[in-house]
1. Output the residues belonging to the range A:134-165 that are of a type in the set (Lys, Arg) and either within 11 Å of another protein chain (Cβ to nearest Cβ) or open to solvent by 10 Å² or more (accessible area, probe 1.4 Å) (or both).
2. Could you tell me whether B:Gly159 is buried (at least 24 other Cβ atoms within 10 Å of the Cβ) and either more than 7 Å from every other protein chain (Cβ to nearest Cβ) or at pLDDT below 90 (or both)?
3. Given the residues C:Leu242, C:Leu236, which is the only one that is open to solvent by 10 Å² or more (accessible area, probe 1.4 Å) and within 14 Å of chain B (Cβ to nearest Cβ)?
4. Check B:Leu181, B:Leu234 and return the single one that is touching a Ser or Thr at 6+ places or on another chain (Cβ under 6 Å), crowded, with 19+ Cβ neighbours inside 10 Å, outside any loop (DSSP other than H, G, I, E, B) and within 12 Å of chain A (Cβ to nearest Cβ).
5. Could you go through the range A:184-201 and let me know if any residue there is at the interface with chain B (Cβ under 9 Å from one of its Cβ atoms), out of contact with any helix residue (DSSP H, G or I) (no Cβ under 6 Å at 6 or more places or on another chain), open to solvent by 10 Å² or more (accessible area, probe 1.4 Å) and more than 30 Å from B:Thr130 (Cα to Cα).
6. Quick one: in the range B:60-72, of everything that is facing chain C (nearest Cβ under 10 Å) and open to solvent by less than 80 Å² (accessible area, probe 1.4 Å), which residue is modelled with the lowest pLDDT?
7. Here is a check on your reading of the model: is B:Leu198 within 24 Å of B:Ile291 (Cβ to Cβ), out of contact with any Leu (no Cβ under 7 Å at 6 or more places or on another chain) and not basic (Lys, Arg)?
8. Would you mind finding the one in B:Ser170, B:Ser138 that is in contact with a Pro (Cβ under 6 Å, 6 or more places away or on another chain) and either surrounded by fewer than 20 Cβ atoms within 10 Å (Cβ to Cβ) or without any contact (Cβ under 8 Å) to a residue 60 or more places away in the chain (or both)?
Amino acid sequence: MNADRVIRWSIWVYLVLVFAFVFTPIVTSVIFSFNSDRFPTVPLGSFTFKWYETVLNDPDFWKAARTSMLVCVCSGVLATFIGFCTAYTDFRYQFRFKGAYIALALLPPTIPLIILALGMLAWLSKIGASGQVWSIIIAHTVLCAPFAMGVIRLRLQQMDPDLESAAWNLGASEWAAMKNVVLPFAMPALISAFCLTMAVSFDEFTVSWFVSGLNKTIPVAILEVLQGTVDPQINAIGTFVFFTSMTLVVIAQLIFSYRSNQN
Amino acid sequence: MPPLVIDSQSPSIRKLSVKNKIDLYALTWRMPVIVWQLLFFVGPLLFMIAMSFFLVKNYRMQEAFEMKNWIKMTSRDYFWDAYWYTIGLATLSTVVTSLLAFPAAFGLAFKVSASVRRWAIFLLIIPFFTSYLVRTFSWYVILAESGVANALLGYLGLGPYKMLNTVFGSIVGYLTLTFPLVIILQTLSLANIDRSLLEAAQNLGAGRLRTIWSVTIPAAKTGLIIGAVFCFILSFGDFVAPYYLGGSKPPTLPILIIDTTKAGQQWPRAAVVAVVMMVTLMVVAYTAISIAYRKRR
Amino acid sequence: MTNHKKFTRRKFIKASTAVASAIAAPMILTSRKALAAPTEINMLGWYGTAEPDMVAEFEAAENVKFVPKYYAGGDNMLAALAQNPPGTFDLIHTDAEYARLLIESDLVDELDPSDYPMDDLMHEDFMNFPGHWNDGKLYSLITRYGHLGVSYNKDAITREEAMSYNVFWDEKLKGKVGHFDWHLPSLGEISLLNGNTSPGPFDISEDAWKAVQEKTLSLKPQVGGYFDFGGTFAGLKNAEMLAMVGIGDWVTGILERDGAPVSSVVPEEGGIQWTESYSIVSTSTKKDIVKKYLEYTISAPGQVKSAQMLGYPGFAVTNAGRAMLNEVDPKEAMRTGQVNGDANDPVALIKQGRIHYRDIPKQQSLEDWNDFWSEYKNA
């Protein structure tokens with residue numbers, strides 16, 4: 001029994017270490033964002049808001065924030081729409097080449113971003129759609145749709161397939177059944193998927209960096225600071241990004257689990 | 001959006017019998033992903049393959065079908081050095097990450113309560129929504145010669161150690177990217193193991209390590225391998241860790257892609273690198289997945 | 001049924017409106033912004049050249065807004081040009097050796113030298129700078145320059161040691177020598193060390209080029225990394241790197257102003273000069289206002305801004321600019337030797353023949369150098 005306790009304790013200690021490792025960069029970035037030193041070390045410098053002031057007074061930051069919001073909302077809508085269509089098709093239909101169909105839908109996350117970035121850049125310049133806000137939205141929709149599909153598909157899984165046919169038997173058309181049965185049932189997943197895809201889009205930088213031209217998003221702005229002056233503004237921006245993304249995720253999580261429990 | 005037409009046939013006779021019929025309704029849901037992915041996912045990838053045969057003259061790309069870029073890149077030692085180095089580094093990252101993740105996943109799957117597990121997984125999801133660049137920058141500041149880690153070690157009378165611009169730095173970066181994901185995937189696959197299997201093994205007198213080695217790991221094999229594959233893919237394709245924490249010394253393939261597009265102005269050659277990367281990943285993923293799903297004898 | 005149909009249709013109209021607006025939103029938002037906001041000048045430039053410290057005054061005076069795309073290294077600039085649709089940029093800030101390529105590709109407009117104080121330039125070379133002129137016509141306006149040599153940490157090595165490029169091979173710098181990740185400056189310095197001073201470090205025979213490659217490869221064991229601007233900057237500041245190849249005061253100057261123990265010298269073997277200029281893009285629709293900015297950059301106040309630039313300092317090119325700098329910021333003038341009669345006066349260094357203008361390789365192709373650089377990084 002003693003051995004059991006030793007194991008249990010060492011596992012706890014190990015878990016604490018693991019979580020410490022995972023959260024070290026997140027916590028230090030928040031701390032450094034209030035620290036006056038340009039290249040922080042211990043002991044810390046004095047407490048300051050100056051990095052936040054620099055960031056918030058920088059019109060380029062606000063421009064990047066607007067671009068980011070625009071991109072993440074638009075690609076969130078498009079990805080959720082495509083994700084829903086795909087998830088519903090997978091849920092409801094059997095057809096030849098369905099395996100290939102699903103693979104086509106789910107493949108993007110398995111391709112390294114740097115490769116997608118190069119391909120997108122070349123292809124979008126070829127068809128004359130590079131260097132615009134548009135280009136980022138197109139690319140992010142590709143990246144995000146599989147996540148939306150995953151979330152929505154899980155939700156549809158919980159739906160009784162007979163529910164839809166029951167609606168048809170009661171005289172509803174397929175479209176009406178979709179509107180009155182499927183969509184309401186899937187709604188929490190749609191909202192979750194929307195939030196989740198927005199969060200994914202909000203953080204992506206590789207593809208954006210390649211295709212965005214002059215339209216910087218926030219992560220691209222961070223990358224440019226990293227390539228340029230390297231100063232703790234990054235931490236201030238990072239803290240801002242963190243809270244935005246977390247808000248989206250928590251909303252997604254709450255809606256998804258609340259509605260799931262309800263039904 | 002396709003034009004809106006509403007099917008007004010009497011609906012009452014339709015039930016499961018029409019499930020396989022392709023009509024406007026079915027197409028409405030089926031087509032968006034096909035159209036979008038062909039245009040903006042398959043299109044770019046195919047174009048990139050085609051581009052690897054293009055030529056660049058006077059800083060302008062010309063469509064052509066020439067082997068020049070392929071010959072040029074594959075005949076260069078530095079390309080192959082970078083290739084094997086990247087594979088080595090990604091493999092090292094995969095091994096280190098999987099080994100470090102396993103005890104944690106094992107603990108979360110078997111040694112804590114379900115609610116602790118849920119919370120732990122929730123906490124592990126958080127990093128995905130913090131900027132990877134910002135976390136890398138934090139490590140940069142922590143690992144620097146005059147940085148936080150060495151200052152803390154200094155209090156203990158140790159160091160300073162050179163951590164930045166080394167393989168160690170790159171691995172820390174890769175861990176930042178992949179560790180939480182691998183722990184989650186491992187935990188989920190371990191938690192799904194049929195407990196009675198484990199009890200049976202113990203009842204048969206197998207020791208702890210023996211049980212883990214010959215029952216737990218094989219039973220969770222699929223999930224463990226999938227975690228490792230994702231880890232490999234992410235490490236193989238990441239340019240941030242080897243650049244900012246590894247000092248680009250030597251460059252990995254993703255850095256080579258950026259160098260050739262951003263500095264060398266050679267999209268076609270970058271495409272060669274990208275195509276080689278894609279083929280490599282396909283081989284690795286295919287091999288790993290077939291091992292993962294192979295029935296145990 | 002009818003009811004259903006109606007609702008369904010409405011639902012779908014709603015859904016398609018949502019999708020349509022997701023598609024249309026970027027256009028609407030961008031176009032509206034363009035109407036309301038001041039004229040936007042899209043500029044391709046080195047990092048920091050369109051930051052508020054440089055352009056805010058001009059922006060306010062002329063109701064314009066600079067939208068920068070930053071790069072590091074001329075090849076990088078060419079890539080950015082290729083990567084964006086033609087007509088994206090109005091103004092290009094570039095290095096002399098790459099200005100030549102812009103002119104050759106017909107991308108930039110001819111300038112009228114009489115619009116600018118060419119007579120006031122501090123060195124006769126500046127008045128007819130190679131790369132800025134073509135067939136006796138001016139295409140690119142010189143605005144600032146700087147010298148590259150040995151950049152070092154003052155706690156680790158002395159100024160005397162730093163006076164030769166051989167210091168990079170010093171045992172105590174093992175693993176602590178950093179490269180700015182661009183072939184021209186680094187290889188140029190090694191070329192100088194090999195004695196290629198006449199006609200210059202970039203005009204070398206095949207044999208000399210081989211020798212440069214060998215010499216460069218022998219430095220490999222000393223090298224701690226290859227860095228972009230940010231990495232170079234942070235590496236020196238953190239003492240992660242104790243010496244840097246291929247940079248100069250344009251990096252250490254910022255750190256020195258900040259009190260860090262770093263400095264740059266032009267060693268005995270000679271130094272390399274970077275020379276930056278502005279060109280107006282032929283496809284620009286805002287040429288008048290861009291031209292006004294060119295006039296501003298070479299005016300005395302513009303020159304002072306450039307010398308004090310937060311991104312990276314550059315020497316003033318006009319006498320009027322130097323005079324004003326000495327007046328308003330004598331400390332910075334002293335620090336950089338921009339005082340008439342100073343021993344480190346950059347103009348004096350040029351006159352002594354110790355400075356070589358950075359150029360693209362004359363006898364090899366740019367690609368050869370670039371290729372070797374990739375090889376070296378992977379060696």
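1. First pass over the range A:134-165, keeping only residues of a type in the set (Lys, Arg): A:153, A:155.
Passing the criteria: only A:Arg153.
2. Numbers: buried (at least 24 other Cβ atoms within 10 Å of the Cβ): no; either more than 7 Å from every other protein chain (Cβ to nearest Cβ) or at pLDDT below 90 (or both): yes.
No, not satisfied.
3. Numbers: C:Leu236 fails: open to solvent by 10 Å² or more (accessible area, probe 1.4 Å).
Going through C:Leu242, C:Leu236 in turn, just one is open to solvent by 10 Å² or more (accessible area, probe 1.4 Å) and within 14 Å of chain B (Cβ to nearest Cβ): C:Leu242.
4. Numbers: B:Leu181 fails: touching a Ser or Thr at 6+ places or on another chain (Cβ under 6 Å).
B:Leu234 is the lone residue from the list that is touching a Ser or Thr at 6+ places or on another chain (Cβ under 6 Å), crowded, with 19+ Cβ neighbours inside 10 Å, outside any loop (DSSP other than H, G, I, E, B) and within 12 Å of chain A (Cβ to nearest Cβ).
5. Within the range A:184-201, the subset at the interface with chain B (Cβ under 9 Å from one of its Cβ atoms) is A:199-200.
With out of contact with any helix residue (DSSP H, G or I) (no Cβ under 6 Å at 6 or more places or on another chain) added as a condition, the list becomes none.
No, the conditions are met nowhere in the range A:184-201.
6. Of the range B:60-72, the ones facing chain C (nearest Cβ under 10 Å) are B:60-61, B:72.
After this cut, where a residue has to be open to solvent by less than 80 Å² (accessible area, probe 1.4 Å) as well, the list is B:61, B:72.
Values: B:Met61: 79, B:Lys72: 87.
Ranking the qualifying residues of the range B:60-72, first place goes to B:Met61.
7. Numbers: within 24 Å of B:Ile291 (Cβ to Cβ): yes; out of contact with any Leu (no Cβ under 7 Å at 6 or more places or on another chain): yes; not basic (Lys, Arg): yes.
So B:Leu198 fits the description; yes.
8. Values: B:Ser170 fails: either surrounded by fewer than 20 Cβ atoms within 10 Å (Cβ to Cβ) or without any contact (Cβ under 8 Å) to a residue 60 or more places away in the chain (or both).
Checking each option against the conditions leaves just B:Ser138.
The values are calculated or read from the model by the stated rules, or taken from the named source; none is laboratory data. Since the structure is predicted, the reported quantities are computational estimates derived from the model, not experimental observations. Neighbour counts are summed over all protein chains in view; Cβ atoms, including those assigned to glycine, are modelled from backbone coordinates with ideal geometry. Heavy atoms of the whole protein, side chains included, go into the accessibility calculation; ligands, DNA and RNA do not. Shrake-Rupley method; radii C 1.70, N 1.55, O 1.52, S 1.80 Å.
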